[in-house]
Each structure stands twice: as structure tokens, then as C-alpha cells.
There are 2 protein chains.
Amino acid sequence: MRTITREQLEDIALGATVLGTGGGGDPYVGKLMAAAAIEAYGPVALISPEELVDDALVIPVGMMGAPTVMVEKLPEGREAMAVVAALEAYLGDTALAVMATEAGGINSTIAFVVAAARGLPLVDADLVGRAFPELQMCTPSLYGTAATPLALADDKANSSVVTAISNLWAEKLARSLTVQMGCWAMVALYPMRGWQVKAQCISGTISTLEKIGKTILGSRDGRGDPVEAVRIVTGGFLMWQGKIVDVSRRTMAGFVRGEVAITGVDEWSGRTLTIGFQNEFLIARSGDDVLVSTPDLITILDAETGEPITTETLRYGFRVVVLAIPGDPRWRSEAGLQVVGPAYFGYDIPFIPVEERLLAAHA
Amino acid sequence: MRTITREQLEDIALGATVLGTGGGGDPYVGKLMAAAAIEAYGPVALISPEELVDDALVIPVGMMGAPTVMVEKLPEGREAMAVVAALEAYLGDTALAVMATEAGGINSTIAFVVAAARGLPLVDADLVGRAFPELQMCTPSLYGTAATPLALADDKANSSVVTAISNLWAEKLARSLTVQMGCWAMVALYPMRGWQVKAQCISGTISTLEKIGKTILGSRDGRGDPVEAVRIVTGGFLMWQGKIVDVSRRTMAGFVRGEVAITGVDEWSGRTLTIGFQNEFLIARSGDDVLVSTPDLITILDAETGEPITTETLRYGFRVVVLAIPGDPRWRSEAGLQVVGPAYFGYDIPFIPVEERLLAAHA
């Protein structure tokens, strides 16, 4: 157990943008919400999954919907409290700890709001190990754990509890409610016991995010190369460098979908990289060559500051670097690829780990 | 208190088609479900609202969605049981009685299934006094009673509990879930106490339906004029007689919408009547003349048998009679018209009671 204060939140939120791979919502908003809660209620106790007793009820809490809309219609801490309370009421049980839903964007910090306000510990883990757009795309799914009962709450005070026969059905029902609720909603889902968190979730998430963020900040202002720092700390690969020349983006059916085109400089000069996204960056291609695809992570960084760029802040003219980070082995497994592989998102290509693609390209 | 057996169900289901004004789902399916439940568990005790103690929990149960789809994908009694149980679990309380949601179509008989299987009394009342397409269109709404918490369940065993800030929001959220669940879902809503049922619901519904059905059946086979019998027993008016020549119908956003055109015979010869519907018949027009509009009831009967024709059974060539029945005074009030008047459904006309329209036409 250790304590998280406002200072560490800065690092965590910055790290969350790297693993958010363009999605997961604006981490700035999440950081402000968490910081305000810590200011009001005091710091948050961060515990490792191993510190949980096996039957402790853990409730992951975050948001679902289109990040573009969250920027215009800001969430408040109130809804995060309401959605956890709604799920507890339905379960007839009280959470002994809360958890982030994703290692990316706003969903890495929302849970701090509830932890601070309720004086609950936050588990140093998450359900994805990165950000992914749909709610069945969580590692507990691979172990047969149900996403439901789940609770949704909106900014107006509407709420709903969904019980579904599968996690795909849970996604379908929760997504349609999210669209009706104004394109984003707060969500508490995958209620789990301590033993499930230990066995089925991605461990050490908050610590990892903090380390990434701290490394970037520590290498700015002439103290190093922030982009190189991100590459090293994440174990990633430099895939592309260039300038954003085109962005197409539309918010539909509770997601933001689109493509960004980046012309190349240096060794990529004369070519164009196209990255497709559904909330998160999913596939990077240049002509017929696939450079990297889901479930491996694609992150776009500002070439100078190393600041990650989310899908909603992509703009013409940004000079950027594209990094690829190997995905969690669970997502790269056959079962994992069925849930989050290229085919699920409609890309008719096999998944090839980014390391293998790079080795083949340099052979 | 009196007892309802299978024989009386025949009358009730037939009467429900008349007040269903074309919608409310296929009463034949509802009758079969209720008959099977009574066969298995015994007859149902029908009680008047006055027999309820003031704090008795009453749960209305029925279906929502597009009647056209219900015909293809039949509901089972299991879902009606599940949805009442889901709402009871959420409320932490047990129903002392159940109630029909509408005096029309399948929603007049679904509640019999739960009443029979659970041995609960059925209250002789409903939420609408006819059938209307949206869930805020219930008389308790006019008294400020919330439609939520409400529960939805589908044929696959998905379920959801919705808590909304208004009955319009409840409709919006429940409708989107209904669409996802396959265009119809079982619904338990407007949980009420005995005192609310007495003050806010339409009384005597089941008895009225039984009387209408019995009258039609008693006047068939040469024993009378079934159409005239319906007109008299409902206090309705003969508006049109002719042949169906065109039907347009589409299932969209959880409703069936469309129009039916009926050429005239006798005094209506040479003219055409057009009736617009959203699940239920809403407005009948001939050229620029409005003959009758919501909240007054429009019923289309087979000219020979007096059998009411629902929106999903409208067919070219049927020889029909159109009756208008004055709507409940609560729906004709200013507050009622805001919820179910022509303007709500997008018709830019004032509501004029059908009696006044007829007097003006004959002046």
C-alpha cells in the first residue's frame, strides 16, 4: 500500500495518454476530477491486487461513449459516485475497493474520484492494460467473467442496471443506453471478488502509468529526448515520423471513428502512413504494408514534447512520431485475438506481432 | 372479487382488440399465454382497485415494442415472470397484485400469466384505458407518478432496470433497449401503491373488455349485427364504411408506423379515408377533413364479423367499418392532450372531440 497525492496524478494522467492509444477520453478532464476529489477528501491508498482478501468486492468504474463528446459535455464526480452506488444497491453489497477500467485516458483516473470521496483503496490494476473501445474487450472476459450486472448513469441523473447473457450483449445494451444518455455515460461493470482481480486483471497499471508519465516529464526542458524516453520506458518501437496532413472523424453509434494520414520525413520521406481508429488507434498502414495492428498499441506523440495526441486532438500540421508497443500476451493469444484482433474490427488481415513485422522488414 | 377462467379470457381478448385501436400487440398470442397459465395454475382472482389496501405494492406488466415483430417472435410466459421478479428485486419488495398495462391487445392479458402462476390477484384497471404507443402515455403520468424504476426482459434472458428523471426519459431509454433486445421486450413499470391505483388508473378495464367481447360474440351467427353491437357497447360512432385499398407499414425505432387507405361505400362513396398509425391508429382524414383524432379511439372492424383489425393484419381488399369512440376525459384534458394530443404525434391540428366534429358536420 502506498499513497497517491495530487503530484503523482500528473504523472499518471500523462502516462494514461500514452497507453490510451488515442482514446479513453481526455485525461486532462479525468485528472482535474481526481485532483479535486483528492483536494477535498485527502489522498488515495493504492493497493496491489495481492493485498486484497479473496472475497473482497471490487468495483471497476469509468466511462463509456465517444471521447469527442466528453470534451464538450464534461462529466462530474457526482455521476461516478452514483453509478457505483447503483451497482452496490443492485448487488446488495458494498465495494471494499475500486479500480480503473482501463490503462488509458480518463478511465485511468475516474476511479480516484470514488476512492477519495468514499475513502476506499484503489487497486493497482485495470481491465484492459491499454484502452479498447468496447466493454467485452476486458481481460476478465477471457476467463468467462461477466461484465454484468453493470450500472450506467448520465449527467442528468438517469441510471440503469443491465444484466446480460454475454459480454457482447452487455456491450450492445449498454452502448444503446449510452447513445440515448447523450453519447457518454459513467459505467460501473465487471464487479469482481479479490481472487478474480488477482487472476484475471492486468496488474500494476497505475504504477506503470506513473512511471511513463514521470519519465516523459523528466526528459523535457532540455533534460533529454521525451519521445525516446517514452519509447524506452514502454518497450516500444519507433514506427514513423512526419506531419499530419488529413483527419477524418465522425461520432456515430456511441463511438468516434475515422482515419488520420501522416506524411513521412527522414527514412519515411515520400510515403504516407494512415492510421484507422474506433476511439483508439487500431491499424497503421502505408500503401499495402501493415506496420502495426491491434492488439499491439499505436501511440502518436508530439515530436518535440513527447505529449501523446488523442483522436479528438488530431490536427492538420502537427509534427508527430508514431510508436508501437507490444500488446499484453493475453490479447495476443488466440482467445484474445478473437475479441480484439484485426478481424473483429473489420480488417481482413492476420495479426502479426510488431516485433516480427519489424524483423521481417529489416531481413 | 370474482374469478376469471379460460372462457372469460375469450371475451376479454376480443374486447382488448377493440380498445387496442389497431395496436397493443396480437391479442390471440396474449390469450393463448394467459389460457395456458390458467390451465396450469388455476383461475385468476380479479379485484377492483377499491379492494386494495392503500400501501399494497401493485406491479403493472406488459410488453413494449413493435407488434409486427411480436407476431414473428412470440413471447413466452417466462419473460413476464422474470421482468416482475427483476423489478421486485430492485425495489426490495414483493407485489401484492399485478395489473394490465393497457386496455388493448396483448397488454390486457399478459398480466394474467403472472397472476395465475404466482397466485396473485389481478386488479381490474389499467394505465391507459386504451392502447397508446409510448410509456409516458399512462394516466399516472398526469398525476406526477414515475414510470420508473422499470424493468425490461427479453426472450434471451437479458434484463435491465431503468431509473429515469422523467417519464419521457424512461421512454427514451427503455425504447432503445427494446430495439436492441429484438424490437420487443417484456416490461414491468409504474410500480404503485394501492392508493395510487385507486386515484390515478383507469378502473374496470377487464370488466369493460369482457363486456365488449361478450357482446360481439353474442351478436354473431345471425343473432344480430356485430358491428352495431360494438358501436352500442362502446358508446362509439360509425365513421366510415368501405374497402382497404392501400397499406404502407414499416417497423422503425421500435414502433410500427404507416397509413391505411379505405375507399368509401354508401354515404362515403367516391371518397377515400386515410388512417395514420404509430402502433395504434391516431388520425383519420378524408382529403382535408379530419374525422377523428387521438386521444379519441379509432377502431377498424371487419364489416361482417365485427372482428377488430390490428395494424399488422391490415390487408388489401378487407371490407371494413371504422368506428370512433370518445377518449377518456383525462386524455381530453389540457394536461392529457400535451401527452397524447395530435400535436405530440406531429399532426398540426387542434384536438376536437369526435362528438363535436359530428355535430358540426351535420349542422
Practice task
Restrict the check to region A:304-319 and report whether at least one residue is within 30 Å of residue A:168 (Cβ to Cβ) and in a loop (DSSP other than H, G, I, E, B).
Solution key: yes
Problem - residue A:25 being on the phi > 0 side of the Ramachandran plot, at pLDDT below 90 and not acidic (Asp, Glu) - result: yes
Fill in the blank from the handout: Per the filter on region B:82-110, residues at pLDDT 95 or above, part of a helix (DSSP H, G or I) and under 20 Å from the mean Cα position of the chain (by Cα) are B:83, B:84
Exercise for the section: Would you mind stating whether residue B:194 is in contact with a strand residue (DSSP E or B) (Cβ under 7 Å, 6 or more places away or on another chain), over 24 Å from residue A:158 (Cα atoms) and more than 14 Å from chain A (Cβ to nearest Cβ)? Expected result: yes
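Kindly evaluate residue A:55 against the criterion of being in the same structural domain as residue A:197 (by TED's automatic domain parsing), surrounded by fewer than 24 Cβ atoms within 10 Å (Cβ to Cβ) and modelled with pLDDT of 95 or more.
Numbers: in the same structural domain as residue A:197 (by TED's automatic domain parsing): yes; surrounded by fewer than 24 Cβ atoms within 10 Å (Cβ to Cβ): yes; modelled with pLDDT of 95 or more: yes.
For residue A:55, the condition - in the same structural domain as residue A:197 (by TED's automatic domain parsing), surrounded by fewer than 24 Cβ atoms within 10 Å (Cβ to Cβ) and modelled with pLDDT of 95 or more - is met.
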Exercise for the section: Restrict the check to region A:165-181 and report whether at least one residue is farther than 20 Å from residue A:253 by Cα, touching a Pro at 6+ places or on another chain (Cβ under 6 Å) and either modelled with pLDDT of 95 or more or part of a helix (DSSP H, G or I) (or both). Expected result: no
Exercise for the section: Pairs only if they're at least six apart or on different chains, beta carbon under 9 angstrom, first in region B:245-257 and part of a strand (DSSP E or B), second of a type in the set (Phe, Trp, Tyr); list them, first residue then second. Expected result: B:245/B:316; B:246/B:316; B:247/B:316; B:249/B:277; B:256/B:277; B:257/B:277
Exercise for the section: Return yes or no: is residue B:78 in the same structural domain as residue B:138 (by TED's automatic domain parsing), at pLDDT below 90 and among the charged types (D, E, K, R)? Expected result: yes
Practice task
Taking only region A:110-150 into account, find how many residues are within 14 Å of chain B (Cβ to nearest Cβ) and among the small types (Gly, Ala, Ser).
Solution key: 2
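If we keep just the residues of region A:217-236 that are touching a strand residue (DSSP E or B) at 6+ places or on another chain (Cβ under 9 Å) and surrounded by fewer than 20 Cβ atoms within 10 Å (Cβ to Cβ), which is nearest to residue A:284 (Cα to Cα)?
Keep residues of region A:217-236 that are touching a strand residue (DSSP E or B) at 6+ places or on another chain (Cβ under 9 Å), which gives A:226-228, A:230-231, A:234-236.
In the following step, the residues that additionally are surrounded by fewer than 20 Cβ atoms within 10 Å (Cβ to Cβ) were identified as A:228, A:235.
Working: A:228: 20, A:235: 18 Å.
Only one residue fits best here, namely A:235.
Kindly establish whether residue A:222 is away from chain B (no Cβ under 14 Å), more than 24 Å from residue B:154 (Cα to Cα), in a helix (DSSP H, G or I) and small (Gly, Ala, Ser). Steps first, please.
On the way: away from chain B (no Cβ under 14 Å): yes; more than 24 Å from residue B:154 (Cα to Cα): yes; in a helix (DSSP H, G or I): no; small (Gly, Ala, Ser): yes.
In short, no.
On the given criteria, is residue B:320 touching a Leu at 6+ places or on another chain (Cβ under 9 Å) and not assigned by TED's automatic domain parsing to the domain that holds residue B:144? Before the answer, list the steps.
Numbers: touching a Leu at 6+ places or on another chain (Cβ under 9 Å): yes; not assigned by TED's automatic domain parsing to the domain that holds residue B:144: yes.
Yes.
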Exercise for the section: Any residue in region B:28-56 that's without any contact (Cβ under 8 Å) to a residue 40 or more places away in the chain: show its pairings with residues that are crowded, with 20+ Cβ neighbours inside 10 Å and part of a helix (DSSP H, G or I) at Cβ separation under 6 Å, as long as the two are six or more apart or on different chains. Expected result: B:35/B:9
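For region A:182-207, enumerate the residues that are in contact with a Pro (Cβ under 8 Å, 6 or more places away or on another chain) and more than 18 Å from residue A:139 (Cα to Cα).
Our first condition is that a residue be in contact with a Pro (Cβ under 8 Å, 6 or more places away or on another chain); within region A:182-207, this holds for A:184, A:186, A:188-192, A:194, A:196-198, A:200-201, A:203.
Within region A:182-207, A:184, A:186 qualify.
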Problem - Test set (1) in contact (Cβ under 8 Å) with a residue 40 or more places away in the chain; (2) outside any strand (DSSP E or B); (3) under 30 Å from residue B:157 (Cβ atoms) - residue A:227 fails condition number - result: (3)
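Confirm whether residue B:330 is among the basic types (Lys, Arg), surrounded by fewer than 20 Cβ atoms within 10 Å (Cβ to Cβ), farther than 23 Å from residue B:256 by Cβ and touching a strand residue (DSSP E or B) at 6+ places or on another chain (Cβ under 9 Å). Give the steps one after another, and end with the answer.
On the way: among the basic types (Lys, Arg): yes; surrounded by fewer than 20 Cβ atoms within 10 Å (Cβ to Cβ): yes; farther than 23 Å from residue B:256 by Cβ: yes; touching a strand residue (DSSP E or B) at 6+ places or on another chain (Cβ under 9 Å): yes.
Criteria met by residue B:330.
Here are some residues: B:162, B:128. Which one is in a strand (DSSP E or B) and at pLDDT 95 or above? Walk me through it before giving the result.
Numbers: B:128 fails: in a strand (DSSP E or B).
Among B:162, B:128, only B:162 is in a strand (DSSP E or B) and at pLDDT 95 or above.
Out of the residues in region A:129-150 that are hydrophobic (A, V, I, L, M, F, W, C) and over 23 Å from residue A:85 (Cα atoms), which is surrounded by the most Cβ atoms within 10 Å (Cβ to Cβ)? Walk me through it before giving the result.
Within region A:129-150, the first condition is being hydrophobic (A, V, I, L, M, F, W, C), and the residues that meet it are A:131-132, A:135, A:137-138, A:142, A:146-147, A:150.
From what's left, over 23 Å from residue A:85 (Cα atoms): A:131-132, A:137, A:142.
Values: A:131: 31, A:132: 26, A:137: 24, A:142: 18.
By that ranking, first place goes to A:131.
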Exercise for the section: Kindly check whether there is at least one residue in region A:16-32 that is buried (at least 22 other Cβ atoms within 10 Å of the Cβ), in contact with a Leu (Cβ under 7 Å, 6 or more places away or on another chain), of a type in the set (Val, Ile, Thr) and not in a loop (DSSP other than H, G, I, E, B). Expected result: no
Practice task
Starting from residues that are in contact with a strand residue (DSSP E or B) (Cβ under 7 Å, 6 or more places away or on another chain) and among the acidic types (Asp, Glu), keep the ones in region A:106-139 and report whichever is farthest from residue A:60 (Cα to Cα).
Solution key: A:124
Handout entry: Any chance residue B:205 is within 14 Å of another protein chain (Cβ to nearest Cβ), surrounded by 23 or more Cβ atoms within 10 Å (Cβ to Cβ), of a type in the set (Val, Ile, Thr) and within 18 Å of residue B:25 (Cα to Cα)
Key = no
Practice task
Could you figure out which of (1) buried (at least 20 other Cβ atoms within 10 Å of the Cβ); (2) modelled with pLDDT of 90 or more; (3) more than 20 Å from residue B:319 (Cβ to Cβ) isn't true of residue B:239?
Solution key: (3)
Fill in the blank from the handout: Given (1) at pLDDT 95 or above; (2) in contact with a strand residue (DSSP E or B) (Cβ under 9 Å, 6 or more places away or on another chain); (3) not basic (Lys, Arg), residue A:280 misses just (1)
Problem - Close pairs from region B:112-137: first under 10 Å from residue B:47 (Cβ atoms) and assigned by TED's automatic domain parsing to the domain that holds residue B:40, partner assigned to a loop (DSSP other than H, G, I, E, B) and of a type in the set (Gly, Ala, Ser), Cβ under 6 Å, at least 6 apart - result: B:124/B:48; B:124/B:204
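Among A:164, A:153, which is the only one that is touching a residue at least 24 places away in the same chain (Cβ under 8 Å), surrounded by 24 or more Cβ atoms within 10 Å (Cβ to Cβ) and within 14 Å of chain B (Cβ to nearest Cβ)?
Details: A:164 fails: touching a residue at least 24 places away in the same chain (Cβ under 8 Å).
Checking each option against the conditions leaves just A:153.
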Handout entry: Options B:109, B:148; residue that is under 20 Å from residue B:2 (Cβ atoms), polar (S, T, N, Q) and outside the structural domain of residue B:252 (by TED's automatic domain parsing)
Key = B:109
Problem - region A:149-191, residues that are hydroxyl-bearing (Ser, Thr, Tyr) and either more than 22 Å from residue B:159 (Cα to Cα) or in contact with a strand residue (DSSP E or B) (Cβ under 9 Å, 6 or more places away or on another chain) (or both) - result: A:159, A:160, A:163, A:178, A:190
Fill in the blank from the handout: Of the residues in region B:167-179 that are surrounded by 23 or more Cβ atoms within 10 Å (Cβ to Cβ) and within 7 Å of chain A (Cβ to nearest Cβ), the one that is farthest from residue B:201 (Cα to Cα) is B:177
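The values are calculated or read from the model by the stated rules, or taken from the named source; none is laboratory data. This one's a predicted model, so the numbers in the text were calculated from it and none came from an experiment. Cβ: placed from backbone, ideal geometry, glycine included. Neighbour counts: every protein chain shown.
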